[in-house]
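Some notes on the structure that comes next.
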Amino acid sequence: LSIRGACIYNALNAFPKPVIAVVEGAAMGGGMGLAACADFVLAGASATFALSEARLGLVAAQIAPFVVSRLGLATTRRLALMGSRFDAAQAAAFGLVDELFADRAALDARLNQILAEIQACAPGALAATKALLNNLPGLDITAFSHVAADVFADAVLGEGAEGIAAFQQKRSPAWATE
């Protein structure tokens, strides 16, 4: 399952057309990972984010390369090791959100403007540009996804079982101190 998840993130990241994420409400864990894969991230004021996996006894494994690429290692480390929620303004300050909007009408207007600008670009040039930019870091995503899958599986079989049970039962996990 972890490798399947990696395939989704990899495919979204490598998708030859521009990807726009519009975030309203919660984008936690994998949802934040999806936003990190997008080329443009627009958010409403109600958007909240978190790399919350560690609070569930899990590891933000498959999304790590995309979040690090978007936010940098130091910020990703800080967010992943605390698992705390943060709001859209903080997400913009971290570089996860490109543009923040107070209301849906303004967000929709900007989305339409971005779409119009993208449609003025040659599809082949967009695809070639994305491929070129994605290959700049030289990170072997496929090899990493297998390492990340092993780390994630260990977490699921270990602390993750307690974390997920606690989440479902709406209680604190055994390791959490009040």
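The values are calculated or read from the model by the stated rules, or taken from the named source; none is laboratory data. What you see is a predicted model; the values in this text were computed from it and never measured. Cβ: placed from backbone, ideal geometry, glycine included. Neighbour counts: every protein chain shown. Each accessible area value is taken on the protein alone, full model and side chains, heavy atoms only, with ligands, DNA and RNA left out. Shrake-Rupley method; radii C 1.70, N 1.55, O 1.52, S 1.80 Å.
Each listed q (0.08 Å⁻¹) maps to a log10 I(q)/I(0) for the chain, found by the Debye formula over equal Cα scatterers with no solvent: -0.27.
The stretch between Asp140 and Ala14, if pulled fully straight at 0.36 nm per residue, gains 44.1 nm over its current Cα-Cα span.
The calculated FRET efficiency for the pair Ala176 and Cys7, based on their C-beta separation and a Förster distance of 30 Å, comes to about 0.40.
Dipole of the range 43-101 computed with +1 at Lys/Arg Cβ and -1 at Asp/Glu Cβ about the Cα centre; of Gln90, Ala45, Leu100, farthest Cα towards the positive end is Gln90. Accessible area per residue for the chain is 56 Å², calculated with a 1.4 Å probe on protein heavy atoms, without ligands, DNA or RNA. For the range 39-103, the relative contact order is 54 percent, taking Cα pairs closer than 8 Å that sit 6 or more residues apart in sequence and dividing their mean separation by the residue count. Between Ser69 and Leu157, the C-beta separation translates, for a Förster distance of 35 Å, into a calculated FRET efficiency of about 0.80. Here the extension length gained between Arg85 and Thr129 equals 12.5 nm, from 0.36 nm per residue of separation less the Cα-Cα distance.
Given a Förster radius of 30 Å and the C-beta distance between Ala105 and Ala26 as r, what FRET efficiency does 1/(1 + (r/R0)^6) yield to the nearest 0.05? Rounded to the nearest 0.05, the efficiency is 0.85. Between the range 107-158 and the range 73-101, the C-alpha centres lie 18 angstrom from each other. Apolar share of the accessible surface for the chain: 62 percent from carbon plus sulfur atoms, 1.4 Å probe.
Here is the P(r) of the range 85-178: all C-alpha pair distances, binned every 5 Å from 0, give 2, 9, 8, 10, 12, 16, 15, 12, 10, 5, 1, 0 in whole percents.
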